[in-house]
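Have a look at the structure below before the remarks.
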């Protein structure tokens, strides 16, 4: 099994109300990438947020801090200008997901209101246009406790299980694996970022060859319930 | 730019003292995968630990707890049988990295003593055998705070920067990005896991087409210094 990661260039600057599924489908087709059955289509949330109008004016740092406070359901830690917050969706990330990079001057980009629903909309739109029903993963770039550097993770999913549950499966030595739930959509998000880059304005990629069963997972499944979480 | 992920099958069960670089190189060649210049070779630490003799007897849960306590430099949290600990290397993970899955009955696998050095040894060994100098990433499977499910991360690196530093690079809108250090080797580790699986006994993969500059990074670079860390 070989998996390939294909950037999808040619998606124009997205504005509120743009038909994102149509623009992604056109770019995928123009790049000669199909899509093919079994492809997973990965889209960074920034274009999703822009299409959904989740962009607000943000002229200075004070305004940015107010927007972050508005978006935060709870603040876990604060140091200088950095706030680690839980969003209304339940994601814990820097600045409640409010981002000024890759945003037009004087604006900030919020997270989509319901990224799983956004993923579902992109999936059904592309299915309608192309006749191929591909799972969709919507990503954001998160920091992590304990480890330096950011990685892309899934914040919206449609058409796949978010977690591959290998509990109860024998490992290679025949021993039943105790607690192996793989966050496969986070691995897909991280893999896709290898071809999207951060500065290149390539907001979508295709992950081909995974042979994953279709599923009805949501990225919200990845949120660890507070009572299981030891680091809040 | 297309990136491809290739599993490397055919690596035998590894025992203490086995020449791991030779076995990986032979499996890569037998799979018709080269290696080619620019390939990144990803190896799960379990085979590294086995080759290095980092395997101990572990007959029951009490013994397992003693081994975990020995391997932990500090315990951050404890709940039931689960211990979140900092290892001597500085990695923070479940059970100080001591693992009974994919271990022979009655044994547990420890982390390599110096995984960056292990990666370097595999890289130089494969270079000597194949004449191609490929970066090597040694991986482990870690849980995360806040997010359910495990993902593979880098614990050893040779021949690459661990972190891609995009700070000071303009983003697609021309705005200077503020704090974008991408943990690219963690994204490589996560991507490779998509073709290695957890139960399939495929302990190596090739990531082809990344076009990353050679570098002298270490996975230890990924460890966030305690004074920058808000979640200890």
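Every number here is computed from the coordinates shown, using simple stated rules; none is lab data. If you're wondering where the values come from, they're calculated on a predicted model, not measured in any experiment. Cβ atoms come from the backbone with ideal geometry, glycine included; neighbour counts cover every protein chain shown.
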message: Using only the alpha-carbon atoms of the stretch A:1-57 as identical scatterers, what base-10 log of I(q)/I(0) does the Debye formula give at q = 0.22 Å⁻¹?
response: -0.88
task: Return one quarter of the surface area of the convex hull spanned by the alpha-carbon atoms of the stretch A:55-110, equal to its mean projected area, in nm².
output: 3.5
field: residue A:29/residue A:216 FRET efficiency (R0 22 Å; Cβ-Cβ; nearest 0.05)
entry: 0.20
- line: If labels are modelled 7 Å from Cα along the Cβ direction, residue A:13 lies from its partners in the other copies at nm distances, smallest first, of 6.1
message: Students often get this wrong: which residues of the stretch A:48-66 have the backbone nitrogen under 13 Å from the point 7 angstrom along Cα-to-C-beta of residue A:107?
response: A:48-59
statement: Computed D for chain A, Stokes-Einstein, Kirkwood radius over alpha-carbon pairs, 4 °C, 1.567 mPa s, to the nearest µm² per second, is 70
task: Could you calculate, for the stretch A:98-232, the ratio of the Cα radius of gyration to the Kirkwood radius, expressed as Rg to Rh?
output: 1.00
task: Only Cα pairs under 8 Å and at least 6 apart count here; give the relative contact order of chain B as a rounded whole percent.
output: 27
field: Approximate spin-label separation residue B:117-residue A:230, in nm, with each point projected 7 Å along Cα-to-Cβ
entry: 2.9
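Tell me the volume per residue, in Å³, of the convex hull enclosing the alpha carbons of the protein assembly as shown.
129
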Förster-model FRET efficiency, 30 Å R0, residue A:124 and residue A:165, C-beta, rounded to 0.05: 0.70
- line: Comparing A:221, A:61, A:193 in a Gaussian network model of chain A (Cα, 10 Å), the one with the largest mean-square fluctuation is A:61
query: So what is the 222 nm mean residue ellipticity for chain B from helices alone, if each DSSP H run of at least 4 adds -39500 (n - 2.57) and you divide by all residues, rounding to the nearest 500 deg cm²/dmol?
result: -7500 deg cm²/dmol
field: Alpha carbon centroid spacing (whole Å) that separates the stretch B:64-108 from the stretch A:33-87
entry: 35
message: Which one, B:167, B:15, B:79, has the greatest fluctuation when you compute a Gaussian network model over chain B with C-alpha springs under 10 angstrom?
response: B:79
For the stretch A:80-126: rounded, prolate or oblate by the Cα gyration tensor [a/c cutoff 1.5]: oblate
task: Pick out which of B:13, B:52, B:161 has the largest mean-square fluctuation in a Gaussian network model of chain B, springs linking Cα atoms closer than 10 Å.
output: B:13
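Ranking B:127, A:45, A:89 by Cβ neighbours within 10 Å, fewest first, what do you get?
B:127, A:89, A:45
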